[in-house]
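What follows is a set of notes on a single structure, which appears directly below.
What follows draws every value from the coordinates through simple rules; no lab data is involved. This structure is a prediction, so every number in the text was calculated from the model and none was measured. Cβ: placed from backbone, ideal geometry, glycine included. Neighbour counts: every protein chain shown.
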Amino acid sequence: MVGKALEIVRRLRADRSAGALIVSPRGKIITPQNLAKAFESLREGVFATNVTPHDLRRTAATLLGKLSVGRLTQGYVLNHVSTTKNSVTGSVYDQYDYVSEKKIALEALDARISEIIDGKEMRSNVISMRS
């Protein structure tokens, strides 16, 4: 985790002495089953249109591609097993964690998102955030 995301996590951690870092609106631990519902309440007042976690993942992958980050590294950043473990080499022999590659990719993505937020090169297919 890098940049703005790391800042947010540190702020959240400072506000909590123990337990889950992010919880649902009802205070429950977020699971894959209730992530979409929790995200709905988090996005209200932030995005001008309905945005899903999948939309954010797709946008991240697209931006990473535009930043010349290779598909394998994108797969590790997005935790896509179909990309990272789709062969014997990937699933058995390659035990490397790709942390440095993921960090470089996430730092580039953080910088690009900061540029977008600051209004530099705003593209027509980027959903505006409400201020």
Between the modelled labels at residue 118 and residue 28 (7 Å from Cα along Cα→Cβ) the distance in nm is 4.1
Using alpha carbon centroids, what distance separates the range 1-45 and the range 51-72, in Å?
-> 21
Residue 82-residue 111 pseudo-label distance in nm [points 7 Å out on the Cα-to-Cβ vector] | 3.1
Residue order, fewest to most beta carbons within 10 Å, for 93, 76, 98 = 93, 98, 76
Under Stokes-Einstein, with the Kirkwood radius over Cα pairs standing in for Rh, what whole-number D in µm²/s applies to the chain at 10 °C and 1.306 mPa s?
-> 94
With contacts defined as alpha carbon pairs under 8 Å and 6 or more residues apart, what's the relative contact order of the chain in percent?
-> 29
Counting only Cα, what are the radius of gyration and maximum Cα-Cα distance Dmax of the range 52-120, in Å?
-> 13.2, 44
Simple label model, 7 Å out from Cα along Cβ direction - residue 15 to residue 42, nm | 1.2
